[in-house]
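Take a look at the structure below.
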Amino acid sequence: MAAVGRVAAIAGGAGTTVERADTVLEELRELVPFVAAEICDFDPVSGLPQVLASTGYSDHVLDSLHSPEFIDLMTQLNLLETGRPVRMRDLPGDPLDNWAVSDVLLPAGYREGMTMCLRTPDGRVTGVINLSTDSRRHPSDVATDAIASLCSTLGNLTDPAGTARWLSMLLGSGTRAVGVNPTGEIVPLPGMAAHPLLERNSELLQVARGFTSRGSWGSFVWAEDADCFKVVVVPCRGDESLSSVVSIDEIDIRPLSHRELEVLTLAAEGLSNQDIGESLVITSRTVATHLEHILAKLEVPNRAAAAAYALREGLVLGRVRRPGAVATGASARLR
């Protein structure tokens, strides 16, 4: 059917997820003359449906369709496993024994309809579509099969990690990374390894969220015990479920020492030798010696060039431990 091709093109095309979901619903009217419909993704934190596009349903019906009880019902009917649409007439036994039909849909005036869980090609359940009609003739068998063929296409549309997939390829296989949603919650990313530094409320993520709030790329070095990590913060545009992806990779900061990296970070902040010395509880003379070594190792002519190099390459610490003082570095810049 032409409508199937158009839906596939829209779902994978340009525009925000909400814009594409709205347009998909309008195209699906050609397959099913619905009087109410919605496309939802699953909130990666709560696991409950959240609306991307909706028309015709009352708040009462939507509350029921988005409840944990409706998730349980879909699980009992094996909808999450099959990815196939289920109509009222397809329900096992008497449809009136199903609370969603007898207590919610029929009293609202709906005589038929369908529910289909949306799955990505790799089998992850990412969303759900509900269509309701005022005629028992719809959805037809032909329309049901056509919509079933769109399960993976719509699964990609509702995938909260959709924007993150190309970032995963960009960041590299095996990279340790997580997504961060607009409320600051952590969203696991398919194919990406976890790490204790990327757990909820970690100090590293608090620094990274500063870049998230600015909506810009960011990069810095994170020192943890004897290890150093390059942290990259990438904003996710056009995706309402993710605000950014934060990745970490272990790096070797040589030829710089950890102390030299601390000095370089503070120099990039614009601190004078005296201020740097007071921050690190070392003398100004020692700071000057460190800076001489930094210029030689980075092969740059002066302090300004070293600071520019550090900021350009993300060679600044996310935090600088200062005895008896507040941490500085990337974390201080973002306050």
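Comparing mean-square fluctuations of Leu73, Leu264, Leu205 from a GNM of the chain with C-alpha springs under 10 Å, the top value falls on Leu73. Note that the range 14-28 has calculated 3J(HN,Hα) couplings of 7, x, 6, 4, 5, 4, 5, 5, 4, 5, 4, 4, 4, 5, 5 Hz, one per residue in order, obtained from phi through the Karplus relation 6.51 cos²θ - 1.76 cosθ + 1.60 (θ = phi - 60°); glycine and proline are x.
For Leu48, the residues 5 or more places off, or on other chains, whose built amide H falls under 5 Å of its own are Asp43. Computed over neighbours whose Cβ is under 15 Å from that of Leu106, the net charge equals -1, Lys and Arg +1, Asp and Glu -1. Any idea what diffusion coefficient the range 57-97 gets from Stokes-Einstein, in µm²/s, Kirkwood Rh on alpha carbon pairs, 37 °C, 0.692 mPa s? The estimated diffusion coefficient comes to 290 µm²/s.
When the chain is treated as a GNM with alpha-carbon contacts under 10 Å, the residue of Thr158, Thr126, Thr283 showing the greatest mean-square fluctuation is Thr283. Between Gly184, Gly270, Gly93, the Gaussian network model of the chain with springs among Cα atoms under 10 angstrom shows the greatest mean-square fluctuation at Gly93. Fewest-first ordering of Ser140, Ser132, Ser152 by other beta carbons within 10 Å of each residue's beta carbon gives Ser140, Ser152, Ser132. Roughly how far apart, in whole Å, are the Cα centres of the range 115-144 and the range 1-44? Spelled out, the Cα-based centre of one part sits 11 Å from the other.
Using alpha carbons only, how many degrees (0 to 90, rounded to 10) separate the axis of helix 258-268 from the longest principal axis of the chain? So the helix axis and the longest Cα principal axis differ by about 80 degrees. Where only DSSP H runs of four or more residues are counted, the chain gives -11000 deg cm²/dmol as its mean residue ellipticity at 222 nm, each run worth -39500 (n - 2.57). For Arg200, neighbours were defined as the other residues whose beta-carbon sits under 13 Å from its Cβ, and their charges (Lys and Arg +1, Asp and Glu -1) total -2. Using only Cα coordinates, the Kirkwood hydrodynamic radius of the range 2-157 works out to 15.4 Å. Here the range 2-157 is assigned +1 on the Cβ of each Lys and Arg and -1 on the Cβ of each Asp and Glu. Its dipole about the Cα centre then comes out at about 440 debye. Close amide H pairs (under 5 Å, H built 1.01 Å from N) link Ile251 with Cys228, Phe229, Lys230, residues at least 5 positions away or on another chain.
Relative to the globular-protein estimate of 2.2 N^0.38 Å, the Cα radius of gyration of the chain stands at 1.33. The base-10 log of I(q)/I(0) for the range 258-333, evaluated at q = 0.11, 0.14, 0.20 Å⁻¹, reads -0.23, -0.37, -0.77 [Debye formula, identical scatterers on Cα atoms, solvent excluded].
Where a number appears in this text, it was derived from the coordinates with a stated rule and is not lab data. Every value quoted in this text rests on a predicted model; they were computed, and no experiment measured them. In this analysis, Cβ positions are derived from the backbone assuming ideal geometry, glycine residues included, and neighbour counts consider all displayed protein chains.
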